[in-house]
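To start, the structure itself, in structure tokens.
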Amino acid sequence: GPRHPPLPPPVPAAPVRRRASPLAMTDCAPALLQTTFAAAGRPAGAEATAAQQPFGAGRPAPLTVALFSNYPAWAAAVIEGLAREGHRLVVLISPKEECAKLCRQQGAHFVPFPACPDGTSLARVCKESPEYRARVEVAYEAVRVVAPDIVLASGFYVLPDHVVSIPRVAALNVHPADLPLYRGAMPLPAMILQGEMFFRVCVHRMTGVIDDPTGIVARSPLLPIGPDADFSSLFAQTVAETPGLVAAAMRAICSTPADGFLAPPVIPLPPASKEPLPHAFGVRSEKVVGCATGGQVASNAGVLARARIEWAVDSASDVARAVRAFRGGCGAYTDLNGSAWQVDQCAVGPPLSATVLASGVAAPGAILAFRALADGAAEAMVATVDGCVVRLVGHFQAVDAA
């Protein structure tokens, strides 16, 4: 049959000229995939066997790992966890060029992944754009050539079945939520919006089900969500917890006998609830009654819908949570004089007096005071639907409507 092209060599320790942009990956793929890298994985054509040569006291041989991540800090934490158990990163796939430095340190390959114009739906973008899908498949083919024992993802797009099936031992995902709660791409904002006080980080086997809770192999202790927590602080907690969690997951995946691997223990799920579980999908379509026609129209019930402040329904605490949930990520915003105004800070004030409310000047969304600040920022005092006032600090910026 046709031979797979070999991967580019590992990123060298010495500085080199910049790698070609991911946008040019399709055109230059044949040139990039010229050098063999048998040392990074099993030699081409080698048979994969369950038996491993033991090293140390009854431990299995080091496993080779392919890592997918959109976050350099999170990728570094995963690599640290792998190193604790003696396993070896052989290829890192990411749209972030900063990850190339991690590869230099590990002697691993860096494969640039083409940035997705809609991070909530990689599959849809691939379906609609054959040119983009071709560039994506170049990155996937690089993993197939390596033939890793483990595929591991941390903060990446949903991987298709033909990638999940590549590794010899398992495909794992690090998910910052206590599965089965908050399945989806945006668990950290979703938990803040919901007012959760604690969360966990899980490592689970990847299947055809997004964030499948039936294959959890490691779970962190409860981590606090403080009253001032935002996306950035919860992400920092997740990164700090990741090395130990990945190490625990690898211990669970690997058997102690030298003659193979055992299925990891599956952590039992809590009893099923009749109430729908909170989710973390950025976009989730549902049918609602349209105001203009009275008929049913599609509406986004996903987490991203909360990034836009809706003054007719959002209480003061809702607004404050939204600002914290998206700070450090896409950012919460509101419409101000017909333009998108990104909100960076929010403080909840006391309830408005009955006299002010009766006057009609404090309708939900009414701006009670506004002043310019330094560096193009501005401060606004805005009335909320529950009769309170919030102090917002923000700036005008192009924002994609959710």
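The values are calculated or read from the model by the stated rules, or taken from the named source; none is laboratory data. Source: prediction; values computed, not measured. Neighbour counts are summed over all protein chains in view; Cβ atoms, including those assigned to glycine, are modelled from backbone coordinates with ideal geometry. Note: areas computed on protein heavy atoms with side chains; ligands, DNA, RNA excluded. Shrake-Rupley method; radii C 1.70, N 1.55, O 1.52, S 1.80 Å.
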Counting only residues 5 or more places away or on other chains, whose amide H sits under 5 Å from the amide H of LEU368 once H atoms are built in the peptide plane?
MET381, VAL382, ALA383
P(r), alpha carbons of region 54-130 - 5 Å bins starting at zero, rounded %
3, 15, 23, 18, 14, 12, 9, 4, 2, 1, 0
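When ligands, DNA and RNA are left out and all protein chains stay put, how many square angstrom of accessible area per residue does region 108-218 have with a 1.4 Å probe? Can you show the working numbers first?
Values: 3790 Å² over 111 residues.
Heavy-atom SASA per residue in region 108-218 reads 34 Å².
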Tell me which residues come under 5 Å, amide H to amide H, from LEU172 once H is placed; ignore anything under 5 positions away on its chain.
VAL151, LEU152, ALA153, MET206
Evaluate the Kirkwood expression for the hydrodynamic radius of region 84-238, namely the inverse of the mean inverse distance over all pairs of different C-alpha atoms, and round to one decimal in Å.
16.9 Å
Calculated over region 295-387: convex hull of Cα atoms, volume per residue (Å³):
133 Å³
In nm, to one decimal, how far is the modelled label at LEU277 from the one at ARG168, with both set 7 Å along Cα→Cβ?
3.3 nm
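Can you pull out the trypsin sites (Lys or Arg not before Pro) in region 73-103 that DSSP calls coil and that have at most 12 other Cβ atoms within 10 Å?
Here no trypsin sites (Lys or Arg not before Pro) fit, given the DSSP loop and packing criteria.
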Per principal axis, largest first, the Cα atoms of region 161-255 extend in Å by 43, 24, 19
When the Karplus curve 6.51 cos²θ - 1.76 cosθ + 1.60 is applied with θ = phi - 60°, which whole-Hz ³J(HN,Hα) does each residue of region 119-124 get, with x for Gly and Pro?
x, 7, 8, 4, 4, 5
Pop a pseudo-label 7 angstrom from the Cα along the beta-carbon direction at both ILE210 and LEU373 and give the gap in nm to one decimal.
3.5 nm
